[in-house]
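Chemist: Can you keep this structure in mind? I'll have questions shortly.
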Amino acid sequence: MPFRVATFNTLNLNAPGLCFVGRPDEAPFTAQTFATRKARTAAMLDKLDADIVGFQEVFSSAALTEVIAASPRMAGAT
């Protein structure tokens with residue numbers, strides 16, 4: 001049975017309000033910025049239609065969990 005594998009660079013995915021590790025001068029995401037990035041990333045996951053996805057540049061597992069839940073294709077994935 002064939003399956004699709006993808007890798008996805010989230011470009012510094014972090015939860016809103018959290019500082020980036022090792023980057024004290026960089027402002028954390030606002031709630032609006034995170035909502036925009038979450039919607040865009042979830043839409044891309046749906047478009048990829050992969051069975052297995054490896055993620056890069058994830059600074060918050062909670063943020064990634066929210067993104068996955070926002071994707072109809074990936075919702076419920078672990």
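The values are calculated or read from the model by the stated rules, or taken from the named source; none is laboratory data. Being a predicted model, the structure only gives us computed values, none of them experimental. Cβ: placed from backbone, ideal geometry, glycine included. Neighbour counts: every protein chain shown. With ligands, DNA and RNA removed, areas are computed over all heavy atoms of the protein, side chains included. Shrake-Rupley method; radii C 1.70, N 1.55, O 1.52, S 1.80 Å.
Chemist: DSSP loop (so not H, G, I, E, B), at most 11 other Cβ within 10 Å: list which GluC sites (Glu not before Pro) in the chain pass both filters.
Modeler: 26
Chemist: Further, regarding this structure: Considering amide H positions built from the backbone, and no H for Pro or chain starts, which residues 5 or more places from residue 55, or on another chain, come under 5 Å of its amide H?
Modeler: When sequence neighbours closer than 5 places are left aside, the close amide H contacts are 8.
Chemist: Sequence-distant or interchain residues sharing an amide H contact under 5 Å with residue 12, placed H: which?
Modeler: Correct list: empty.
Chemist: Got a number for carbon plus sulfur as a percent of the stretch 1-55's accessible area, 1.4 Å probe?
Modeler: 62
Chemist: Can you work out the Karplus-derived ³J(HN,Hα) for every residue in the stretch 12-19? Use 6.51 cos²θ - 1.76 cosθ + 1.60 with θ = phi - 60°, whole Hz, and x for glycine or proline.
Modeler: 6, 5, 9, 6, x, x, 8, 6
Chemist: On to the next question. Give me the 1.4 Å probe accessible area per residue for the chain, excluding ligands and nucleic acids, in Å².
Modeler: Per residue, the chain has an accessible area of 65 Å².
Chemist: Right, another one. Which residues does a label at residue 3 reach in the stretch 38-71, if reach means a backbone N under 15 Å from a point 7 Å past the Cα toward the Cβ?
Modeler: 49-55
Chemist: Sticking with this structure for a sec: Collect residues whose amide H, placed 1.01 Å from N in the peptide plane, falls under 5 Å from the amide H of residue 18; neighbours closer than 5 in sequence don't count.
Modeler: Here the answer is 29, since their amide H atoms fall under 5 Å of that of residue 18.
Chemist: Got a sec to turn the phi values of the stretch 34-50 into Karplus ³J(HN,Hα) couplings, 6.51 cos²θ - 1.76 cosθ + 1.60 with θ = phi - 60°, whole Hz, x for Gly and Pro?
Modeler: Using θ = phi - 60°, the values come out as 5, 4, 5, 5, 4, 5, 5, 5, 4, 5, 5, 4, 4, 5, 5, 6, 8 Hz.
Chemist: Can you give the convex hull volume per residue for the Cα atoms of the chain, as a whole number of Å³?
Modeler: Enclosed volume per residue, from the Cα hull, is 83 Å³.
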